[in-house]
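Please read the structure below before turning to the comments.
The values are calculated or read from the model by the stated rules, or taken from the named source; none is laboratory data. What you see is a predicted model, and the numbers here were worked out from it, not measured in a lab. A quick note on method: Cβ atoms are made from the backbone with ideal geometry, for glycine too, and the neighbour counts reach across all protein chains shown. These accessible areas exclude ligands, DNA and RNA; they are computed on the full protein's heavy atoms, side chains included. Shrake-Rupley method; radii C 1.70, N 1.55, O 1.52, S 1.80 Å.
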Amino acid sequence: MSIGFTILIYAAVVVISYFLGCCNTALILSKYLLHDDVRNHGSGNAGLTNFYRVFGKKKVLWVILGDLAKAVISCILGGLLIGGVLHGATLGGGSPEVALGKLVGGIACMLGHSFPCMFGFKGGKGVLCGAGVIICMDWRIALICLGIFAILVAVTRWVSLGSMVASILFPVTCWFIYRSIPVVLLACVAGALIVVRHKDNAKRIAKGEENKFEFH
């Protein structure tokens with residue numbers, strides 16, 4: 001493959017996945033269907049937790065499905081184009097090349113979700129998108145990361161804590177599955193995006209002031 005074609009493939013994955021990520025379900029539902037921008041309430045975050053706190057169970061399933069779906073589509077696109085077209089790997093083969101492609105698409109989607117250009121670059125924190133990326137990577141990675149997330153949230157009721165710990169575990173589990181430095185480096189980027197977006201939550205947790213998740 002020529003360098004130009006390789007750049008074109010990577011650019012296509014990044015651009016398409018970014019704009020998929022920009023389709024922030026919580027923002028679209030609150031702003032255009034409920035006519036009440038979720039960013040004007042609560043934490044000001046356009047994500048699942050704030051949407052749930054503000055609007056309750058109303059349409060929350062669509063937020064979950066929408067944000068997971070765009071991350072999954074982005075990962076599949078990256079796996080097919082980067083892993084398949086560039087490296088001849090099969091999507092379900094579990095190769096590092098496919099994993100790399102999934103991460104490129106997934107990270108671009110997370111960036112679009114967190115910094116959507118059509119919504120003033122003010123989006124969510126990327127937790128659901130990150131969960132979609134983890135699910136797409138490998139069932140063992142998903143079992144460990146999402147399992148730890150669920151346990152921490154159940155015990156502490158701090159969604160932010162579970163999100164950050166799962167994000168830190170993500171590159172560690174990727175290393176044991178793929179043994180690929182490029183994959184682990186991109187997994188670190190994906191995890192860091194979520195951790196950095198939760199820096200204020202981390203400060204509140206340290207002070208014991210973080211809001212606990214309440215089931216309506």
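The set of residues in region 161-179 being open to solvent by less than 20 Å² (accessible area, probe 1.4 Å) and either acidic (D, E) or touching a residue at least 60 places away in the same chain (Cβ under 8 Å) (or both) consists of C174 alone. Checked against (1) farther than 25 Å from I205 by Cβ; (2) at pLDDT below 95; (3) open to solvent by less than 30 Å² (accessible area, probe 1.4 Å), V153 meets all criteria but (1). The residues of region 1-37 that are part of a helix (DSSP H, G or I), free of Cβ contacts under 8 Å to residues at least 40 places away in the same chain and open to solvent by less than 40 Å² (accessible area, probe 1.4 Å), listed by number, are L29, S30. A single entry from L77, L146 fulfils the requirement of being closer than 21 Å to V195 by Cα and either in contact (Cβ under 8 Å) with a residue 12 or more places away in the chain or of a type in the set (F, W, Y) (or both): L146. Within region 122-135, one or more residues are in a helix (DSSP H, G or I) and surrounded by fewer than 20 Cβ atoms within 10 Å (Cβ to Cβ). Apart from one condition, G123 fits all of (1) more than 17 Å from V196 (Cβ to Cβ); (2) touching a residue at least 40 places away in the same chain (Cβ under 8 Å); (3) not hydrophobic (A, V, I, L, M, F, W, C); the exception is (1).
Give me a count of the residues in region 104-120 that are without any contact (Cβ under 8 Å) to a residue 60 or more places away in the chain and under 16 Å from V196 (Cα atoms).
We begin by selecting, within region 104-120, every residue without any contact (Cβ under 8 Å) to a residue 60 or more places away in the chain; these are 115, 120.
Going one step further and asking which of them are under 16 Å from V196 (Cα atoms), we end up with 115.
Within region 104-120, residues that are without any contact (Cβ under 8 Å) to a residue 60 or more places away in the chain and under 16 Å from V196 (Cα atoms) number 1.
If you check L34, L86, L20 for being aliphatic (A, V, I, L, M), more than 28 Å from F176 (Cα to Cα) and modelled with pLDDT under 95, only one passes: L34. Here is the figure for region 126-142: residues that are more than 13 Å from I194 (Cβ to Cβ) and touching a residue at least 24 places away in the same chain (Cβ under 8 Å) total 6. Looking across A108, A150, A89, one residue alone is aliphatic (A, V, I, L, M) and either outside any helix (DSSP H, G or I) or touching a strand residue (DSSP E or B) at 6+ places or on another chain (Cβ under 6 Å) (or both). It is A89. Of all residues in region 87-99, those satisfying the criterion of being surrounded by fewer than 24 Cβ atoms within 10 Å (Cβ to Cβ) and of a type in the set (A, V, I, L, M, F, W, C) are A89, L91. When region 38-53 is limited to residues that are assigned to a helix (DSSP H, G or I) and either over 22 Å from the mean Cα position of the chain (by Cα) or aliphatic (A, V, I, L, M) (or both), the one that is nearest to L111 (Cα to Cα) turns out to be L48. For region 46-83, a residue qualifies if it is open to solvent by 40 Å² or more (accessible area, probe 1.4 Å), of a type outside the set (A, V, I, L, M) and modelled with pLDDT of 95 or more, but none of them does. The single residue among L103, L143, L193 that is at pLDDT 95 or above, open to solvent by 70 Å² or more (accessible area, probe 1.4 Å), farther than 22 Å from V60 by Cβ and in a helix (DSSP H, G or I) turns out to be L143.
There is at least one residue in region 130-145 that is over 20 Å from L20 (Cα atoms) and among the charged types (D, E, K, R).
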